[in-house]
Amino acid sequence: MKLSRKIRKLTQPVTYRRAWRRTQRAIFPLPLQPLLASVDQQRLREIQQRYASSPVEYAKYANVERWLPMNRERVQDLKLHRSAPKRVLDLGCGGGFFLFILKRLGHSVLGLDVDQFPLFAELLDLFDVRGVVWRIKAFEPLPNLGEKFDWITAFSINFNLHYPGERLWGPAEWDSFLRDLQRHLAPSGRIFFALNPTFGRDYYTPELRDFFLSRGASVERERIFFRKGLRF
Ligand SMILES: C[S@@+](CC[C@H](N)C(=O)[O-])C[C@H]1O[C@@H](n2cnc3c(N)ncnc32)[C@H](O)[C@@H]1O
């Protein structure tokens, strides 16, 4: 890395926030081995063999050993391995890695995803994580989920796209979505999104960033955190 770039990084607050998160992960570790040992290994290998030669991009999620460490970091960064049991809803949960870890830690979890690629349902079943099949669409409310949640999360999301055209949601779509999520949030509930830099574009426009801030979020690159709930 060029010296000028290194110096520029040192002037950015995000550099120190990331370093602090790394430090905290080291101070409060979350060993994965006991969690992984609780999974039916024979069934896992059988799933992995079946998807080993799949050309579908999502087949990469069969590599549980690769995705669990990343999801451990998510759990650690939200301090959910140091928290009393919470009810957690994860939107676009995929194979349910994040929820699997949370469930083993004693949290009550629910995943929501489209029923598009069978691997996800197989992994959710393997991990014993409850899932709701639902396609999130702009301006359409989520179904009745039968309970309220202390946390609503979504990682590497791509439900915030209009098809066809792949136009990203703007403030109007997000406002409608957040108002709907409020119905599912328990008092003092929190919402955390990790956005995807979709199709080579940025995470958000300046207008959308301002919108998230106006609704009470802290915004750090892809991390949109409504730590104190939503502000309307
Ligand atoms: C990039 S993957 C991320 C999966 C998981 N959150 C993770 O980080 O490992 C995006 C996920 O969002 C789901 N998804 C995409 N569009 C969706 C929609 N409209 N409603 C619900 N889920 C959706 C996909 O099926 C997929 O599981």
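The values are calculated or read from the model by the stated rules, or taken from the named source; none is laboratory data. Here the structure is a predicted model, which is why all the values come from computation and not from measurement. Cβ atoms come from the backbone with ideal geometry, glycine included; neighbour counts cover every protein chain shown. Heads up: the accessible areas ignore ligands, DNA and RNA and are worked out on the full protein's heavy atoms, side chains in. Shrake-Rupley method; radii C 1.70, N 1.55, O 1.52, S 1.80 Å.
Condition first: without any contact (Cβ under 8 Å) to a residue 60 or more places away in the chain, within 16 Å of the ligand (Cβ to nearest atom) and either of a type outside the set (A, V, I, L, M, F, W, C) or crowded, with 19+ Cβ neighbours inside 10 Å (or both). Now tell me which residues in region 187-208 satisfy that. Spell out how you get there, then give the answer.
As a first pass, look at region 187-208 and keep what is without any contact (Cβ under 8 Å) to a residue 60 or more places away in the chain: 187-191, 193, 195-208.
Still in the list and also within 16 Å of the ligand (Cβ to nearest atom): 191, 193, 195-201, 203.
If the condition is that a residue be without any contact (Cβ under 8 Å) to a residue 60 or more places away in the chain, within 16 Å of the ligand (Cβ to nearest atom) and either of a type outside the set (A, V, I, L, M, F, W, C) or crowded, with 19+ Cβ neighbours inside 10 Å (or both), then 191, 193, 195, 196, 197, 198, 200, 201, 203 are the ones that fit.
Inspect region 213-232 for any residue being surrounded by 13 or more Cβ atoms within 10 Å (Cβ to Cβ), in a helix (DSSP H, G or I) and touching an Asp or Glu at 6+ places or on another chain (Cβ under 9 Å) and give the result as yes or no.
no
Go through region 94-120 and give me each residue that's more than 10 Å from the ligand (Cβ to nearest atom) and either of a type in the set (Phe, Trp, Tyr) or farther than 25 Å from residue 76 by Cα (or both).
Taking region 94-120 and keeping what is more than 10 Å from the ligand (Cβ to nearest atom), we get 100-110, 118.
Listed by number, the residues that qualify are 100, 118.
Just to verify a result, which residue in region 58-88, among those that are surrounded by fewer than 18 Cβ atoms within 10 Å (Cβ to Cβ) and assigned to a loop (DSSP other than H, G, I, E, B), is farthest from the ligand (Cβ to nearest atom)?
84
Assess whether residue 123 counts as being touching a residue at least 24 places away in the same chain (Cβ under 8 Å), open to solvent by less than 10 Å² (accessible area, probe 1.4 Å), closer than 21 Å to residue 21 by Cβ and in a helix (DSSP H, G or I).
Working: touching a residue at least 24 places away in the same chain (Cβ under 8 Å): yes; open to solvent by less than 10 Å² (accessible area, probe 1.4 Å): yes; closer than 21 Å to residue 21 by Cβ: no; in a helix (DSSP H, G or I): yes.
In short, no.
Table: residues versus (1) within 16 Å of the ligand (Cβ to nearest atom); (2) within 15 Å of the chain's Cα centre (by Cα); (3) not charged (D, E, K, R).
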{"position": "133", "(1), (2), (3)": "yes, no, yes"}
{"position": "136", "(1), (2), (3)": "yes, yes, yes"}
{"position": "144", "(1), (2), (3)": "no, no, yes"}
{"position": "160", "(1), (2), (3)": "yes, yes, yes"}
{"position": "167", "(1), (2), (3)": "yes, no, no"}
{"position": "185", "(1), (2), (3)": "no, no, yes"}
{"position": "210", "(1), (2), (3)": "no, no, no"}
{"position": "214", "(1), (2), (3)": "no, no, yes"}
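Without any contact (Cβ under 8 Å) to a residue 24 or more places away in the chain, farther than 26 Å from residue 220 by Cα and either surrounded by 13 or more Cβ atoms within 10 Å (Cβ to Cβ) or away from the ligand (no atom under 16 Å from the Cβ) (or both), is that true of residue 19? Before you say what the answer is, go through the steps one by one.
Numbers: without any contact (Cβ under 8 Å) to a residue 24 or more places away in the chain: yes; farther than 26 Å from residue 220 by Cα: no; either surrounded by 13 or more Cβ atoms within 10 Å (Cβ to Cβ) or away from the ligand (no atom under 16 Å from the Cβ) (or both): yes.
Criteria not met by residue 19.
How many residues does region 89-117 hold that are in a loop (DSSP other than H, G, I, E, B), within 23 Å of residue 136 (Cα to Cα) and open to solvent by less than 40 Å² (accessible area, probe 1.4 Å)? Quick ask: steps written out before the conclusion?
First pass over region 89-117, keeping only residues in a loop (DSSP other than H, G, I, E, B): 92-96, 105-107, 114-117.
Narrowing the set further to residues that are within 23 Å of residue 136 (Cα to Cα) leaves 92-96, 114-117.
From what's left, open to solvent by less than 40 Å² (accessible area, probe 1.4 Å): 92-96, 114, 117.
Number of matching residues: 7.
Read through the list (1) open to solvent by 20 Å² or more (accessible area, probe 1.4 Å); (2) of a type in the set (S, T, N, Q); (3) assigned to a strand (DSSP E or B), then give the number of the only condition that residue 176 fails.
Residue 176 satisfies every listed condition except (3).
Could you run through region 126-165 and say how many residues are closer than 22 Å to residue 36 by Cα and surrounded by fewer than 17 Cβ atoms within 10 Å (Cβ to Cβ)? Reasoning before the result, please.
First, the residues of region 126-165 that are closer than 22 Å to residue 36 by Cα: 126-131, 155.
Restricting the remaining residues to those that are surrounded by fewer than 17 Cβ atoms within 10 Å (Cβ to Cβ) gives 128, 130.
Summing the residues that are closer than 22 Å to residue 36 by Cα and surrounded by fewer than 17 Cβ atoms within 10 Å (Cβ to Cβ) in region 126-165 gives 2.
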